[in-house]
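The values are calculated or read from the model by the stated rules, or taken from the named source; none is laboratory data. Only a predicted model underlies this, so the values are computations on that prediction, with no experimental measurement involved. Every residue, glycine among them, receives a Cβ derived from its backbone with ideal geometry; neighbour counts consider all protein chains shown. Ligands, DNA and RNA are stripped out before the accessible areas are found, and what is left, the full protein with its side chains, is counted by its heavy atoms. Shrake-Rupley method; radii C 1.70, N 1.55, O 1.52, S 1.80 Å.
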Amino acid sequence: MSMQAEPVALDAGRERVRAQQMAATRRRRRALLTLCIRIVSLAAVLALWQIVGAGIDPVLFTTPIAVAKAAYGMIVSGELWTYLWPSLVIFAVGLTIAALVGIATGLLLARFWVIDVALGVYITFLYSIPAVALVPLIVLWAGFESTAKIIVLFLFAFFPMAINTYQGVKNVDPRLIEVGRSFRCSERQLWANIVLPGALPFIVTGLRLAVGRGLIGMVLADQYTAISGIGYLIVRTAATYQVDRMFVPIVTLGILGITFTALLRVLERRVAPWTLAGEQD
């Protein structure tokens, strides 16, 4: 019997290795195809932009070639970095605070119904108010310095974090929690082994949404609160009809958004690889 079982085990091992190799080949082909599609799409968009922009008055619109030339000049002179760096500092501080407070708020609201009943309505109330409407009041209270900018960015980024974390905890299978309690798990063990792993995909999604909204809040804060930052650069170049230079910070913000989102995807693969299993088929 043992001699008969050995060939069967060897065949099963070979099949497993072959299946893994085929899956790896499919993933490489999928990645290459994705890259080709994105390159073709980018080339088509830039070509269309160039054709359309060439037929419009430069005071009203511009072309990607003109934007590239303006970007080169602004990078070489250091002007772009001079305005971008203060905004990035505000973005990092505001997003970090929003992420920490938002995750903590979502966890507490979802796990303790007393807190949810007491404070949930206020979260909904504040989320229903456009953050832009609160900017003048924030400026009145906090002035025109960095504190006001951080508060504005916090308001934009906090709610995606809190709401997604809340939904993530609520979507944890209650049967898993009951099993944990039946094995006499402490509250800390429930959080560490069941609640947080189950809510992690929602938290990462909330963080991706918070990055996008945080960039919006960063620009808005620059425009409303001080004559500094990349938001002010957009306003200044638009006011002087330098459309090609105006597009440089706009494109920079888009690239930052793509970069931050890609980094978060890498983080998600590290901390929650099971959430991306479907993408690898």
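Restrict the check to the stretch 67-74 and report whether at least one residue is open to solvent by 60 Å² or more (accessible area, probe 1.4 Å), hydroxyl-bearing (Ser, Thr, Tyr) and closer than 30 Å to Met161 by Cα.
Checked against the condition, which is being open to solvent by 60 Å² or more (accessible area, probe 1.4 Å), hydroxyl-bearing (Ser, Thr, Tyr) and closer than 30 Å to Met161 by Cα, the stretch 67-74 yields no hits at all.
Which of the residues spanning the stretch 39-51 are open to solvent by 70 Å² or more (accessible area, probe 1.4 Å) and over 29 Å from the mean Cα position of the chain (by Cα)?
Ile51 - this is the single residue of the stretch 39-51 that is open to solvent by 70 Å² or more (accessible area, probe 1.4 Å) and over 29 Å from the mean Cα position of the chain (by Cα).
Taking the criterion of being at pLDDT 90 or above and touching a helix residue (DSSP H, G or I) at 6+ places or on another chain (Cβ under 8 Å), would at least one residue in the stretch 8-30 satisfy it?
Among the residues of the stretch 8-30, not one is at pLDDT 90 or above and touching a helix residue (DSSP H, G or I) at 6+ places or on another chain (Cβ under 8 Å), which makes the answer no.
When you look at Val59, is it in a helix (DSSP H, G or I) and β-branched (Val, Ile, Thr), yes or no?
Working: in a helix (DSSP H, G or I): no; β-branched (Val, Ile, Thr): yes.
It is false that Val59 is in a helix (DSSP H, G or I) and β-branched (Val, Ile, Thr).
Among the residues of the stretch 50-61, is any of a type in the set (A, V, I, L, M), in contact (Cβ under 8 Å) with a residue 24 or more places away in the chain and touching an Asp or Glu at 6+ places or on another chain (Cβ under 8 Å)?
The first filter runs over the stretch 50-61 and keeps only residues of a type in the set (A, V, I, L, M), leaving 51-52, 54, 56, 59-60.
Then drop every residue that is not in contact (Cβ under 8 Å) with a residue 24 or more places away in the chain, which leaves 59-60.
So of that shortlist, the ones also touching an Asp or Glu at 6+ places or on another chain (Cβ under 8 Å) come out as none.
No; the residues of the stretch 50-61 include none that is of a type in the set (A, V, I, L, M), in contact (Cβ under 8 Å) with a residue 24 or more places away in the chain and touching an Asp or Glu at 6+ places or on another chain (Cβ under 8 Å).
Just checking, how many residues over the stretch 75-102 are small (Gly, Ala, Ser), in a helix (DSSP H, G or I) and farther than 28 Å from Pro160 by Cβ? Step through it out loud before you land on a result.
Going residue by residue through the stretch 75-102, those that are small (Gly, Ala, Ser) are 77-78, 87, 92, 94, 98-99, 102.
Applying the additional criterion that residues be in a helix (DSSP H, G or I) yields 77, 87, 92, 94, 98-99, 102.
Still in the running and farther than 28 Å from Pro160 by Cβ: 77.
Residues flagged as small (Gly, Ala, Ser), in a helix (DSSP H, G or I) and farther than 28 Å from Pro160 by Cβ within the stretch 75-102 amount to 1.
Every residue, every condition in (1) modelled with pLDDT under 90; (2) under 26 Å from the mean Cα position of the chain (by Cα); (3) hydrophobic (A, V, I, L, M, F, W, C), yes or no:
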{"site": "Thr63", "(1), (2), (3)": "no, no, no"}
{"site": "Ala66", "(1), (2), (3)": "no, no, yes"}
{"site": "Ser77", "(1), (2), (3)": "no, no, no"}
{"site": "Val93", "(1), (2), (3)": "no, yes, yes"}
{"site": "Thr96", "(1), (2), (3)": "no, yes, no"}
{"site": "Leu107", "(1), (2), (3)": "yes, yes, yes"}
{"site": "Ala110", "(1), (2), (3)": "yes, yes, yes"}
{"site": "Ile115", "(1), (2), (3)": "yes, no, yes"}
{"site": "Thr124", "(1), (2), (3)": "yes, yes, no"}
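Just the residues that are without any contact (Cβ under 8 Å) to a residue 60 or more places away in the chain and touching a helix residue (DSSP H, G or I) at 6+ places or on another chain (Cβ under 7 Å), please, taken from the stretch 64-92.
The answer is Pro64, Ile65.
Among the numbered criteria (1) under 30 Å from Ala68 (Cβ atoms); (2) in contact with a helix residue (DSSP H, G or I) (Cβ under 9 Å, 6 or more places away or on another chain), which one does Ile255 miss?
Every listed condition holds for Ile255 apart from (2).
If I ask for residues that are part of a helix (DSSP H, G or I), open to solvent by 70 Å² or more (accessible area, probe 1.4 Å) and touching a residue at least 12 places away in the same chain (Cβ under 8 Å), which ones from the stretch 133-174 would you list?
Within the stretch 133-174, Pro136, Gln167, Lys170 meet the criteria.
Looking at Leu153, is it of a type outside the set (D, E, K, R) and at pLDDT 85 or above?
Numbers: of a type outside the set (D, E, K, R): yes; at pLDDT 85 or above: yes.
For Leu153, the condition - of a type outside the set (D, E, K, R) and at pLDDT 85 or above - is met.
Could you list all residues from the stretch 80-103 that are open to solvent by 30 Å² or more (accessible area, probe 1.4 Å), closer than 20 Å to Ile250 by Cβ and polar (S, T, N, Q)?
Across the stretch 80-103, the qualifying residue is only Thr82.
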